[in-house]
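Data block below; observations after.
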Amino acid sequence: MSLFPDDVASLAAATLDALRRAGLRVSTAESCTGGLIAGALTEIAGSSDCIGRSFVTYSNQAKREVLGVPEAVLHTHGAVSAQTVALMAEGVLRIAGRDADIAVAVSGLAGPGGGTEAKPVGTVFLGVARRGAPTETAHRLYPGDRTAVRLAAVRDALRLVLARANA
């Protein structure tokens, strides 16, 4: 029995299978998901051959100190932005060294509060970096409550890693 919904567990298993086939390892940098991406992957026995390291960098201070996101980027674009998640993902790759080939990062507004007109609750940015390839970002606006937003972000993060592992 998994802690995650069946579709998330299946997606995590498919992601691990693709990583194994490609001989790749993944690391995560999570804000609004609070470690759920890493949790979905490590829920599966034997995942240690594909998981490098993971960081929950919920605060801006953690994004700066752990991942190296510049204060100017956080001030200009905000923690919930394409610029920030790209730098989060790239920061994980830098820190992880040979422990990761792919990094995925997520930052968003899961609610119920904290949204603005420009960035309403449900706004999430995802970033994925793979060594030797350009970093990609995605912007999503998920409906639903806090749990729905967080699980939707986990699904999309796993899909991004799966696509990069299969590239």
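Coordinate-derived values only; no laboratory data. None of these values were measured; they are calculated from a predicted model. Here the Cβ positions follow ideal geometry from the backbone for every residue, glycine too, while neighbour counts run over all protein chains shown.
So here's what we get for this one:
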read-out	value
Cut-off 11 Å (backbone N to label point 7 Å along Cα→Cβ of Ser59), residues of the range 70-96	none
Segment His139-Arg20, extension gain: residue separation times 0.36 nm, minus the distance between their alpha carbons	40.1 nm
Convex hull volume of the range 1-42 per residue (C-alpha atoms, cubic angstrom)	69 Å³
Burial ordering of Arg155, Arg150, fewest other beta-carbon atoms within 10 Å first	Arg155, Arg150
Helix-only [θ]222 nm of the chain, DSSP H runs n ≥ 4, -39500 (n - 2.57) each, per residue, nearest 500	-14000 deg cm²/dmol
Cα centroid of the range 44-111 to Cα centroid of the range 114-167, whole Å	12 Å
Long-range amide H partners of Gly111 with built H, under 5 Å	Gly122
³J(HN,Hα) computed for each position of the range 27-36 - Karplus, 6.51 cos²θ - 1.76 cosθ + 1.60, integer Hz, glycine/proline x	10, 10, 10, 10, 10, 5, 7, x, x, 5
Sequence of Glu136, Glu30 once ranked by neighbouring C-beta atoms within 10 Å, starting from the fewest	Glu136, Glu30
Kyte-Doolittle mean at least -1.0 and Cα axial length at least 20 Å: DSSP H helices in the chain	6-22, 82-96, 146-166
Loop-located GluC sites (Glu not before Pro) in the range 69-132 whose Cβ has at most 13 other Cβ within 10 Å (DSSP)	Glu117
Nonlocal amide H pairs with Phe55, under 5 Å, H built at 1.01 Å	Thr28, Ala29, Glu30
Packing-based exposure ordering (other Cβ within 10 Å, fewest first) of Asp7, Asp156, Asp17	Asp7, Asp17, Asp156
Charge sum, other residues only, whose C-beta stays under 11 Å from Leu24's C-beta, Lys/Arg counted +1 and Asp/Glu -1	+4
